[in-house]
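Working notes for the structure below.
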Amino acid sequence: MPPQTAQVDVRDAFIDLGVGQPGRSLLPVPIIRQAADHRFAQGASGYLQYGAEQGDGYFREVLAAFLTGSHGFEVRPDRLFVSGGASQALDLICTLFTESGAVVCVEEPCYFLALKILADHRLRVVSLPTDQDGLILDGLEDRLAALRPAMLYLIPTFQNPTGVTLPRERRERLVEICRRHQVLLVADEVYHCLNYDAVPPTSFGAYVDGGYVLVLGSFSKILAPGLRLGWVYADPRMVDRMTRSGLLDSGGGLNPFASGLVRSVLELDLLRPHLAELRGVFRQRITALGEALRRDLPASAFTVPSGGYFLWLRLPGVDTAAALPHANALQVGFKPGTWFSSQAGLTDCLRLSFAFYDTPTLLEGSRRLGQAMARLAS
């Protein structure tokens, strides 16, 4: 398990290529201000109350319309559950649908903070192998039959940390396998809208009928993390179970105020052009960073992904956790591969993000990283 890390800890002059959040210049202050003015001008005060347990119905309607346009199928408002971000949704799912000591299967590598949430619930994590197309399905049925896991968690689109996307054929087969073995499939799709080339395969939301698929989404990567607003898309029976949880009984709907603001963002059609801007910025950054890394780290192996936030590098023969202090000495950081492994593996890998810094800073970070690895090898 990685050491404790703050989401926001960016020092001047230090280029931390491990930071997995949008840069300050990309935070949409004018959009949020316009949305707040619009929402307050309506005169309604319901979004200052506890809020409906499932989430405001008007917000779910406009969210469903937006997602229908980007996810490849008709999204229904009654199947949306409003959450306080994808992390809070995963935590709630663990609370309601697992018990301490249960087995949960994950990809290897897996988002390191998801591993921490699973550890908080005292779940036994078992890693499943992946390749350049994501989760490997050969042999999966035998593993599930032997392990009898409560849940399988994965990031199917522009995965964190690898950036790979699970193809449509594997998605459909995976859903059928999980249904046969009665395993809850949790698809974390927070990067689904951040495609820079081809449109990704249809969201796992198209397969929620029957109750074995839950899909997580969030505005953290496509609008602003501080909103702490996301959603779960699921079969109505699963939505009902989440709505009846003690957390909702006590506190009401999750983040109704932020959902009121984002309702106006969607009603005013402000998110679509913002997303287009993000795609253009990130497309340019990832292209430039990929070219720089090929020059500065010629021994590294990586594939430039077609979406998301991250580049996953392999440096054969390098212990990246041991190399991190050497990189820090040159004022550059990254996330070591071992952080993303539940079995202390991936020692020669590391994750870089191109979301926080502008292109000149990314190029300087690549130069420093190459210099650090060259010094380590000498």
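Values for this structure:
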read-out: Test: residue in the stretch 206-222 that is under 21 Å from PRO273 (Cβ atoms) and open to solvent by 10 Å² or more (accessible area, probe 1.4 Å); value: yes
read-out: Every residue from the stretch 204-218 that is within 15 Å of the chain's Cα centre (by Cα) and part of a strand (DSSP E or B); value: LEU214, VAL215, LEU216, GLY217, SER218
read-out: Of the criteria (1) in a helix (DSSP H, G or I); (2) modelled with pLDDT of 95 or more; (3) open to solvent by 50 Å² or more (accessible area, probe 1.4 Å); (4) closer than 29 Å to ARG39 by Cα, which one ASP249 fails; value: (2)
read-out: Filtered residue count, the stretch 295-331, keeping only those that are assigned to a helix (DSSP H, G or I), of a type in the set (A, V, I, L, M) and surrounded by 14 or more Cβ atoms within 10 Å (Cβ to Cβ); value: 4
read-out: Subset of the stretch 64-92 that is among the β-branched types (Val, Ile, Thr) and buried (at least 20 other Cβ atoms within 10 Å of the Cβ) - its residue that is farthest from the chain's Cα centre (by Cα); value: VAL75
read-out: Residue among LEU135, LEU152, LEU144 that is touching a strand residue (DSSP E or B) at 6+ places or on another chain (Cβ under 9 Å), buried (at least 20 other Cβ atoms within 10 Å of the Cβ) and over 16 Å from ALA114 (Cβ atoms); value: LEU144
read-out: Lone unmet requirement of (1) open to solvent by 40 Å² or more (accessible area, probe 1.4 Å); (2) touching a strand residue (DSSP E or B) at 6+ places or on another chain (Cβ under 7 Å); (3) β-branched (Val, Ile, Thr) for THR95; value: (2)
read-out: Filter result (over 19 Å from GLU61 (Cα atoms) and in contact with a Lys or Arg (Cβ under 9 Å, 6 or more places away or on another chain)) within the stretch 214-245; value: SER220
read-out: ARG170 being within 23 Å of GLY308 (Cβ to Cβ), assigned to a helix (DSSP H, G or I) and out of contact with any strand residue (DSSP E or B) (no Cβ under 6 Å at 6 or more places or on another chain); value: yes
read-out: The stretch 226-246, residues that are within 21 Å of PRO156 (Cβ to Cβ), open to solvent by 10 Å² or more (accessible area, probe 1.4 Å) and not in a loop (DSSP other than H, G, I, E, B); value: TRP231, TYR233, MET238
read-out: Contacts under 7 angstrom Cβ, first residue in the stretch 275-287 being assigned to a helix (DSSP H, G or I), partner open to solvent by 40 Å² or more (accessible area, probe 1.4 Å), 6 or more apart; value: ILE286/VAL304
read-out: Residue within the stretch 107-117 that is without any contact (Cβ under 8 Å) to a residue 60 or more places away in the chain, within 16 Å of VAL183 (Cβ to Cβ) and over 20 Å from the mean Cα position of the chain (by Cα) present; value: no
read-out: The stretch 156-198, residues that are surrounded by fewer than 24 Cβ atoms within 10 Å (Cβ to Cβ) and touching an Asp or Glu at 6+ places or on another chain (Cβ under 6 Å); value: PRO167, ILE177
read-out: Failed item in (1) touching a residue at least 40 places away in the same chain (Cβ under 8 Å); (2) more than 17 Å from GLN159 (Cβ to Cβ); (3) touching a strand residue (DSSP E or B) at 6+ places or on another chain (Cβ under 6 Å), with SER300 passing the rest; value: (1)
read-out: Single unsatisfied condition, GLN34 versus (1) open to solvent by 30 Å² or more (accessible area, probe 1.4 Å); (2) within 25 Å of the chain's Cα centre (by Cα); (3) under 22 Å from LYS221 (Cβ atoms); value: (2)
read-out: Every residue from the stretch 15-27 that is open to solvent by less than 20 Å² (accessible area, probe 1.4 Å) and in contact with an Asp or Glu (Cβ under 9 Å, 6 or more places away or on another chain); value: ILE15, VAL19, GLY23, LEU26
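Yes or no, residue by residue, for (1) part of a helix (DSSP H, G or I); (2) farther than 23 Å from SER306 by Cα:
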| site | (1), (2) |
| --- | --- |
| THR347 | no, yes |
| LEU350 | no, no |
| PHE356 | no, no |
| PRO360 | yes, no |
| GLY365 | yes, no |
| GLN371 | yes, yes |
| LEU376 | yes, yes |
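The values are calculated or read from the model by the stated rules, or taken from the named source; none is laboratory data. These numbers come from a predicted model, not from an experiment. Virtual Cβ from ideal backbone geometry, glycine too; neighbours counted across all protein chains shown. Surface accessibility is based on the protein's heavy atoms, side chains included, excluding ligands, DNA and RNA. Shrake-Rupley method; radii C 1.70, N 1.55, O 1.52, S 1.80 Å.
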